[in-house]
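The values are calculated or read from the model by the stated rules, or taken from the named source; none is laboratory data. Computed from a prediction, not measured in an experiment: that's the story for all the values here. Backbone-built Cβ (ideal geometry, glycine too); neighbour counts: all protein chains shown.
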Amino acid sequence: MTIEPQPGIMDISPYVGGQSTVDGVSDVVKLSSNENPFGPSEKAKEAVTKSVHQLHRYPGTDHAALRAAIAEVNGLDAGRIICGVGSDEIIHLLCQAYAGPGDEVIHTEHGFSMYKISARAAGATPVEVPEHDRTVDVDAILAATTDRTRLVFIANPANPTGTMIGGNEVARLAGGLPDQCILVLDGAYAEYVEGFDGGASFVESNENVVMTRTFSKIYGLGGLRIGWGYGPRAIIDVLNRIRGPFNLSEIQQAAAEAAMRDRAYVEKCRAENTRMRAWLAEALAEMGIPSDTSCANFILARFHDQAEADACDAYLKEQGVIVRRVAGYKLPQCLRITVGDEASCRRVAFSIAKFKGIVK
């Protein structure tokens, strides 16, 4: 007998995170993983320090305090919230619970790679739908749905493009899907859009919409892996039945609760990101490197072709600046550049200007 994995597993290309080191370079600026350059809030750090005294205790399985904080801050129903190991786990649970062999899961051509990975892991068939000018195309998604479609994933704002679609388009998409299909709104970058609820209002008004969120971006807790989802009570009940009972430690829960409640820190990080994002986009545009209007904490810089993008990436590494190639997302002529603090943004812009021969 030959031991073989389930069909579809070997078709998965393992996820590769952003590079963080360069051989032979010590003074490195990492702008490859869309991390908050200011890290977590002091209140979140204090919560972690206090929680280490309970490392011998099993964590709570219902995440009650964290769900209460999320609900209070966002005006949601705590009973419809699920917490997971990053929003990745929520995505994985949705595929595991609602898609399988013979089913289809739709994602867009530049969409987050975990959608396809989680679909294949569940035995379902991922279906890629084209975007229009690096933006989700609702008509293309609706045209691709069939009686086998079980899930549709879109990130809004999207990674790695930074673009987003408006509420009318989201409503049209939710209303046009087949009855058996769930629309999943990935709101990992929602906090970077002032006044945006990430899709919570669509969850409230539709029985086929689920929203996912994360503490890895604006909250600066990427190293702890914490996420959450909001959806119809029946769907959340299903996900909780297959969720690991101790999927989040006490440290994770305590840090996330403190981070969620520290609204002043979130506002500060959003304002600084907005300021430096605009500065970086303008600086690159003046060098002849355009980017779409970004609604997240990164810029998708578009070069003349892949050769120029690759050459710029190699030059930046020599200068100790790490950005992200996105050829795997079918954007070979682009580099995704995280919006860092002011010093980092000025350093990457200066390095690109040197690469372009604008400065010496």
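How many residues does the stretch 51-82 contain that are hydroxyl-bearing (Ser, Thr, Tyr) and either in a helix (DSSP H, G or I) or not assigned by TED's automatic domain parsing to the domain that holds VAL210 (or both)? Talk me through it step by step, then tell me what you get.
Going through the stretch 51-82, the residues hydroxyl-bearing (Ser, Thr, Tyr) turn out to be 51, 58, 61.
Those still in the list that are either in a helix (DSSP H, G or I) or not assigned by TED's automatic domain parsing to the domain that holds VAL210 (or both) too: 51.
So the count comes out to 1.
Residue count for the stretch 194-222, restricted to those that are surrounded by fewer than 21 Cβ atoms within 10 Å (Cβ to Cβ) and farther than 28 Å from ASP179 by Cα: 3.
Does LEU239 fit the bill of being touching a residue at least 24 places away in the same chain (Cβ under 8 Å) and touching a Pro at 6+ places or on another chain (Cβ under 8 Å)? Don't jump to the end; show me each part of the working.
Details: touching a residue at least 24 places away in the same chain (Cβ under 8 Å): yes; touching a Pro at 6+ places or on another chain (Cβ under 8 Å): no.
Judged against the criteria, LEU239 is not a match.
Being among the hydrophobic types (A, V, I, L, M, F, W, C) and surrounded by fewer than 19 Cβ atoms within 10 Å (Cβ to Cβ) is a description that does not apply to ALA301.
This table checks each residue for (1) on the phi > 0 side of the Ramachandran plot; (2) surrounded by fewer than 21 Cβ atoms within 10 Å (Cβ to Cβ); (3) not in a loop (DSSP other than H, G, I, E, B).
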| residue | (1), (2), (3) |
| --- | --- |
| THR146 | no, yes, no |
| LEU151 | no, no, yes |
| ILE165 | no, yes, no |
| ASN168 | no, yes, yes |
| ALA174 | no, no, yes |
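Consider the stretch 182-230 and keep the residues that are outside any helix (DSSP H, G or I) and over 18 Å from the mean Cα position of the chain (by Cα). The one that is farthest from ASP103 (Cα to Cα) is GLY195. Among the residues of the stretch 308-355, those that are in contact (Cβ under 8 Å) with a residue 40 or more places away in the chain, more than 23 Å from THR274 (Cα to Cα), assigned to a helix (DSSP H, G or I) and of a type outside the set (Gly, Ala, Ser) comprise CYS312, TYR315, LYS317, GLU318, TYR329, PHE355.
Every condition in (1) in a helix (DSSP H, G or I); (2) in contact with a Pro (Cβ under 8 Å, 6 or more places away or on another chain) holds for ALA281 except the one numbered (2).
Going through the stretch 242-278 one residue at a time, which ones are of a type outside the set (D, E, K, R), in contact with a Leu (Cβ under 9 Å, 6 or more places away or on another chain) and not in a loop (DSSP other than H, G, I, E, B)?
So in the stretch 242-278, the residues of a type outside the set (D, E, K, R) come out as 242, 244-249, 251-256, 258-260, 264-266, 269, 271, 273-274, 276, 278.
The next check asks that each one be in contact with a Leu (Cβ under 9 Å, 6 or more places away or on another chain); those that pass are 242, 248-249, 251-256, 259-260.
Residues satisfying the conditions are ILE242, ILE251, GLN252, GLN253, ALA254, ALA255, ALA256, ALA259, MET260.
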